[in-house]
1. Take Asp39, Asp62, Asp47 and order them by how many other Cβ atoms sit within 10 Å, fewest up front.
2. PRE reach from Ala68 (point 7 Å along Cα→Cβ): which of the stretch 24-40 fall under 16 Å by backbone N?
3. Of the listed peptides 31-38, 18-25, 63-70, 2-9, what is their order by residue-averaged count of other C-beta atoms within 10 Å, with the highest listed first?
Amino acid sequence: MHVRQPFQRQGIGAALLSKAMEALEQRGCRTSVLWTLKDNAVRAWYDRIGSPLNTEKSWEVDGWPIVAVAYRLGVVEIVRKQAKRR
């Protein structure tokens, strides 16, 4: 999921995450893991909605180091409600 810079901080990301959580919940999923690049500025938002950092992994692509981190989103209903409030 990505929200282009001019449209950030308008609740669009929260709405997209909320809909994704609803879809997972309807399929019986109670937890999920979200991966993002370590340098991604949106990580502050994941921290604000209470998503704990779960793990980190790194690899190389054409000689470029890639570092990603995973957030455990927990019970999808709680995350969906938190995302809607922000």
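1. Asp62, Asp39, Asp47
2. Only 32-40 fall inside the zone, counting backbone N under 16 Å.
3. So the order, starting with the most tightly packed, is 18-25, 31-38, 63-70, 2-9.
Values quoted throughout were computed directly from the atomic coordinates according to the rules given, and no laboratory measurement underlies them. In this text the structure is predicted, and so the values were computed from the model without any measurement. Note that each Cβ is placed from the backbone with ideal geometry, even for glycine, and that neighbours are counted across all protein chains shown.
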